[in-house]
Structures are given as structure tokens and as C-alpha cells.
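A.B. asks: Before I ask anything, let me first share the structure, which is written out below as C-alpha cells.
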Amino acid sequence: RYYSKWYDRKSDCVKAEAEYRNKPTPNKLHIKCIDVAEAFLKAKKDTISIRTYKKYDRYIHREFTRFYDMDIDSITPLALKEYFDNLEGAATTKNNRRSAMKGVFRYACDFYGLEKNPMERIPCFKVQNTAKKHDMNIYTPKEFMALYNAISPKYEEVKVFLWFVYWTGMRANEARSL
């Protein structure tokens, strides 16, 4: 009784498992992916930012068209993996698309009785740092003083701003926020 407490032989266990896996699902949903996606967008319209809503709307209506006519419960993790593997673009863009589709399936699980979210099997795409970041130009105090003294006295507020930014070590995006 090595394989299970119900089966004495491995072949009996394997046969029973195969029968279980091939058994038809009695409660097939017969709900199209596009219908769930539309309901998801309608439900989320007031709960997410306008920017996110527009992004989700664009992804669902322009990019997920291959899944429109499929029943929501017939879309497999393998089909989704193949779709995402063939997508062009950066990992961040793929992750945004993944998030939109995962939301649709989560909505189907919550409100339509979908048993499992197939997007749970699709991992996030790793952002690869292949692009070399630009090198920062760091001015020495001597170079900074040359720049500072080269600014005309009529731009005193610019001189004060540069002095503050340089001696506090502020980054460019922080300085732009001021």
C-alpha cells in the first residue's frame, strides 16, 4: 500500500487518477471572456484611477482579442503563457498587461464561479537591466565654483538654487520637484 491508502497497486492508482482528470466538468460556465472583461471594467471604473482604467480598457479591448470568443473557464494557463511569451515589449509593459488580465480572471473567480485563476500560474516578468544607465556627471567643488561664478548676477535666484542643490547633494528629480 505504498501509493495510497485506497489502492494496493500503482497501476490502479494511476488508472483512477487518469479517470478523474478526464472526467468532464459538470458545471461548465459558458461565459465568454469578453463578457467577464466588460463586467470587470464596469465594476472597476469607479474604484481605480482614470489612468489605470484607460490602461486596462486598452489592454482588454486591443490586446486580448484572441481570448474574446473563448469561454472564461476554457482558457488555460498554457494558452496564457504562450500569449505572454510571444508579446513584444518591455517587462514592465508585459507586467501591466498581466495585471489587467489577472484582474479579469480574479473577477471571474469572485463573481462568476470560476474555480481557479489561470493567471496565478503566470509569473511576473523580470525587469532586465540590460540597458546601461547613463553615467552621472559629478562636479568637483572647483568645477562647481567655476559654473557658479560664470552665472550673471542678474540671475541671483538661479545661483541660490544651484548652490542649494549642489551642497545638499540633491538629485535631479528632487530639484525639479522644487
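The values are calculated or read from the model by the stated rules, or taken from the named source; none is laboratory data. If you're wondering where the values come from, they're calculated on a predicted model, not measured in any experiment. Cβ: placed from backbone, ideal geometry, glycine included. Neighbour counts: every protein chain shown. Please note that ligands, DNA and RNA were not included when accessible areas were found on the heavy atoms of the full protein model with its side chains. Shrake-Rupley method; radii C 1.70, N 1.55, O 1.52, S 1.80 Å.
A.B. asks: Looking at region 55-65, which of its residues are among the charged types (D, E, K, R) and without any contact (Cβ under 8 Å) to a residue 12 or more places away in the chain?
C.D. replies: R58, R62
A.B. asks: Oh, and also: Within region 92-117, track down each residue that is among the hydrophobic types (A, V, I, L, M, F, W, C) and touching a Cys at 6+ places or on another chain (Cβ under 8 Å).
C.D. replies: Passing the criteria: only V104.
A.B. asks: Can you confirm whether region 66-83 contains a residue that is in contact with an Asp or Glu (Cβ under 9 Å, 6 or more places away or on another chain), open to solvent by less than 40 Å² (accessible area, probe 1.4 Å) and touching a residue at least 60 places away in the same chain (Cβ under 8 Å)?
C.D. replies: no
A.B. asks: Further question on the same structure: Within region 59-87, track down each residue that is assigned to a loop (DSSP other than H, G, I, E, B) and either touching a strand residue (DSSP E or B) at 6+ places or on another chain (Cβ under 7 Å) or under 19 Å from A39 (Cβ atoms) (or both).
C.D. replies: F64, Y68, D69, M70, I75
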